[in-house]
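Heads up, the thing below is written out as structure tokens.
The values are calculated or read from the model by the stated rules, or taken from the named source; none is laboratory data. Everything numeric here is computed off the predicted structure, so don't read it as measured data. Cβ atoms come from the backbone with ideal geometry, glycine included; neighbour counts cover every protein chain shown. SASA here: full protein model, heavy atoms, side chains in, ligands and nucleic acids out. Shrake-Rupley method; radii C 1.70, N 1.55, O 1.52, S 1.80 Å.
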Amino acid sequence: MRRVALFGPPATGKSTLARWLSTQLDAPHTDLDDILFTPQGPLPLKEFRRQAAAITATDEWIVEGNFSKLADVVWHRADTLIWLDFPLPLILYRITRRSLRQLAGREDTAQARRLTWNSAFFGRRSLLRTAVRKYRANRPRYARQVAETAALGVDVVRLRSPREVQRWRQRTAKGPAESRSGAARHTTGP
């Protein structure tokens, strides 16, 4: 693993896993949200794609983010694609827990500073409603795109629970090459 693309719904631990992989592989880590969302607002798609492509044109990288529209410049250039495909009830629980922590002032991030009760829970475009809507709409499309990516020779790891993530991390941790085998492989369908 030298070029890793990692994606999944919110609150699945993408950033935590990407930072861990960055340390394990001694490779730079990029969160695509940090590129897309500038102080002046979101980048236009053409510029976003250009910047993502520049990062993945290098030999080693860890890129995280839910941007399947960048599949050709991120996923297809990876040697490993990791899909954190957790069940919806777990995602909703984690979003709720994280939002409550942020609203209580226990996290000082850009997202936490913008969060309100309405944007977290009650608004039409709240985090919870958006998570449900996107989970239902995106999951079948992700399965198709992941299968296309796997057909290009990219190793796909689909992790369906925090326990699977932990087991995969243990197998992947620095150590003998023999311990790196046995990762969960891609299966078709949602």
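Computed quantities for the displayed model
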{"item": "Accessible surface, per residue, of the chain when the full set of protein chains is kept, probe 1.4 Å, Å²", "result": "55"}
{"item": "Angle in degrees between helix 127-151 and the longest Cα principal axis of the chain, rounded to the nearest 10", "result": "20"}
{"item": "Helix 88-103 axis, angle to the chain major axis (alpha carbon atoms, nearest 10°)", "result": "60"}
{"item": "Charge dipole magnitude, Cβ of K and R +1, D and E -1 - the chain, Cα centre, debye nearest 20", "result": "920"}
{"item": "Surface share of carbon and sulfur [accessible, 1.4 angstrom probe, percent] for region 79-158", "result": "53"}
{"item": "Shape of region 1-143, Cα gyration tensor, a/c cut at 1.5", "result": "prolate"}
{"item": "Amide H within-cut-off set for V156, under 5 Å, with H built and near neighbours excluded", "result": "L81, H186"}
{"item": "Residue-level accessible surface for E64, protein heavy atoms, 1.4 Å, Å²", "result": "10"}
